[in-house]
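Below: the structure, in structure tokens.
Bear in mind that the values in this text are calculations on the coordinates, not laboratory data. Computed from a predicted model, the values in this text were never measured in an experiment. Quick reminder, even Gly has a Cβ in these numbers, built from the backbone with ideal geometry, and neighbours come from all protein chains shown.
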Amino acid sequence: MRALAGPLPDAEPVLILGGGLVGLAIAHQLARLGRSTTVLSRRRSEAAGFVAAGMLAPHAEGLSGPMLALGQASLERIPAWVARIEADSGLACGLRPCGIVVPFTTAAEREAYPTAAFGEPLDRAGLERQVPGIGPAWRAGLLFAQDGQIDNRRRLMRALERACAALGVRFEEGTEVLELLTGDSGRLRGVRLRRAEGGEHMIAATTAVLACGAWSGRLLPSLPVHPVKGQMLSLQGPRASLERVVFGPGTYLVPREDGLLVVGATSEPQAGFDDGLTPEGQKQLQQGLVALLPEAALWPPMERWWGFRPGTPDNMPLLGPGPIEGLWLATGHHRNGVLLAAITAELIADAITAAGQGSWASPERLAPFRWDRPQPAAPGAHTPPGARASL
Ligand code: GLY
């Protein structure tokens, strides 16, 4: 499909609430389908797209059931999705289909991993070949050659923003959406918002997408979305010292092309929206790093940061129609927002433009992602395999 040069002049703008990765991906796809689109965002720098390590890891994360199917469908789409963003923006996104190694201390643990059937089993010698310098505790592993990574923080977010702008998407940064407004029929009729320069305003809209990440429940408290804080750090390693992503328990290592090593991540649902780094969180990452790749402990430190994943009680996103007619949901992607951005953009843009013939979505496939599905009692009650405890 060829991208249109800009939105159709007579099309009603779709409001995208949230300027993070998911919001931008949807805006880009809508713009490509010729829909006029405006992105409202309060503070884009807080978006999880600028925090995440950028793993594309449906198998390494040990997903199962509908989440695995959704993740695999998105992974399949990523090369073409990235190529469209690169063509529209003129910028590289840093996609690396480098494979991911998941190490274990025993072969029994490896056999029990939910996605073991999709990986190549490794013994200690195989682990050493895939991850030179791996710590001595790891005796077995799985290589998921089909998984990979993208340089979301430094490249993808910027490229996507530029691609959107090139296709005529409007941005309002520093704009906080305070309330969704409905008419007598219960249908969406607009939003009330506060702009950076102050003062409250109403904007009319009959179609909007809620993509506010961890903050989604603040705008619509009926949504089961809560923040799951993650702390990260990075080190500068020698170029090409590590080719594969290494996905250990409690800590993972994501090597960028230029040798930068991104180390993630804590998972702290109890922290709510508490800002800042903590000694415990940074210690967890440091210990995990040393256990996975002892020599990296000597590499020069670069950055430390934190952010908030949009968690749901069952760790699956909320996708599709929302509780208000005209409002679409694209939130709750928890640990998999970068992976799921491509399929989310396709599903939501197809649904809004009714262009979905032949698309992946069907009512049966989308049912597990409805916002009002039954959820486990306590938020975060279910621990995904990717959040398994540290060694
Ligand atoms: N995708 C890994 C994480 O959320 O930490």
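Checking the condition more than 16 Å from the ligand (Cβ to nearest atom), without any contact (Cβ under 8 Å) to a residue 24 or more places away in the chain and touching a strand residue (DSSP E or B) at 6+ places or on another chain (Cβ under 8 Å), which residue from Arg239, Arg218, Arg194 passes? First the steps, then the outcome.
Working: Arg239 fails: touching a strand residue (DSSP E or B) at 6+ places or on another chain (Cβ under 8 Å); Arg218 fails: touching a strand residue (DSSP E or B) at 6+ places or on another chain (Cβ under 8 Å).
After applying the criteria, what remains is Arg194.
Would the stretch 13-23 turn up any residue that is away from the ligand (no atom under 16 Å from the Cβ), surrounded by 16 or more Cβ atoms within 10 Å (Cβ to Cβ) and assigned to a helix (DSSP H, G or I)? Step through it out loud before you land on a result.
Step one: list which residues in the stretch 13-23 are away from the ligand (no atom under 16 Å from the Cβ), which gives 13-19, 23.
Pick out the ones that are also surrounded by 16 or more Cβ atoms within 10 Å (Cβ to Cβ) and you get 13-19, 23.
Pick out the ones that are also assigned to a helix (DSSP H, G or I) and you get 23.
Scanning the stretch 13-23 turns up at least one residue that is away from the ligand (no atom under 16 Å from the Cβ), surrounded by 16 or more Cβ atoms within 10 Å (Cβ to Cβ) and assigned to a helix (DSSP H, G or I).
Looking at the stretch 33-45, which of its residues are hydrophobic (A, V, I, L, M, F, W, C) and either within 15 Å of the ligand (Cβ to nearest atom) or assigned to a loop (DSSP other than H, G, I, E, B) (or both)?
Of the residues in the stretch 33-45, the ones hydrophobic (A, V, I, L, M, F, W, C) are 33, 39-40.
Within the stretch 33-45, Leu33 is the sole residue that qualifies.
Charged (D, E, K, R), more than 16 Å from the ligand (Cβ to nearest atom) and without any contact (Cβ under 8 Å) to a residue 24 or more places away in the chain: which single residue out of Glu109, Glu86, Glu120, Glu76 fits that description? Show your work before the answer.
Values: Glu109 fails: without any contact (Cβ under 8 Å) to a residue 24 or more places away in the chain; Glu86 fails: without any contact (Cβ under 8 Å) to a residue 24 or more places away in the chain; Glu120 fails: without any contact (Cβ under 8 Å) to a residue 24 or more places away in the chain.
The unique qualifying residue is Glu76.
Inspect the stretch 348-369 for any residue being within 16 Å of the ligand (Cβ to nearest atom) and more than 30 Å from Gly259 (Cα to Cα) and give the result as yes or no. Steps first, please.
Initial filter on the stretch 348-369 (within 16 Å of the ligand (Cβ to nearest atom)): none.
Within the stretch 348-369 (the criterion being within 16 Å of the ligand (Cβ to nearest atom) and more than 30 Å from Gly259 (Cα to Cα)), the answer is no, since none of the residues qualifies.
Only one of these is away from the ligand (no atom under 16 Å from the Cβ) and buried (at least 21 other Cβ atoms within 10 Å of the Cβ): Leu329, Leu339. Name it. Before the answer, list the steps.
On the way: Leu339 fails: away from the ligand (no atom under 16 Å from the Cβ).
It is Leu329.
Out of (1) surrounded by fewer than 20 Cβ atoms within 10 Å (Cβ to Cβ); (2) within 16 Å of the ligand (Cβ to nearest atom); (3) outside any strand (DSSP E or B); (4) under 19 Å from the mean Cα position of the chain (by Cα), the odd one out for Pro313 is which?
Among (1) surrounded by fewer than 20 Cβ atoms within 10 Å (Cβ to Cβ); (2) within 16 Å of the ligand (Cβ to nearest atom); (3) outside any strand (DSSP E or B); (4) under 19 Å from the mean Cα position of the chain (by Cα), the lone unmet condition for Pro313 is (2).
Considering only residues that are closer than 25 Å to Ala137 by Cβ, more than 15 Å from the ligand (Cβ to nearest atom) and assigned to a helix (DSSP H, G or I), which ones fall in the stretch 252-281?
Residues satisfying the conditions are Pro279, Glu280.
Take the residues in the stretch 248-303 that are free of Cβ contacts under 8 Å to residues at least 60 places away in the same chain and acidic (Asp, Glu), then tell me which one is farthest from Lys229 (Cα to Cα).
Only one residue tops the list, namely Asp258.
Hand me the list of strands (runs of 3 or more DSSP E) wholly inside the stretch 162-217 holding 2 or more residues that are under 17 Å from Leu329 (Cα atoms). Before the answer, list the steps.
Numbers: elements: 170-173, 176-182, 188-194, 200-204, 208-210.
Filter on the stretch 162-217 gives 176-182, 188-194, 208-210.
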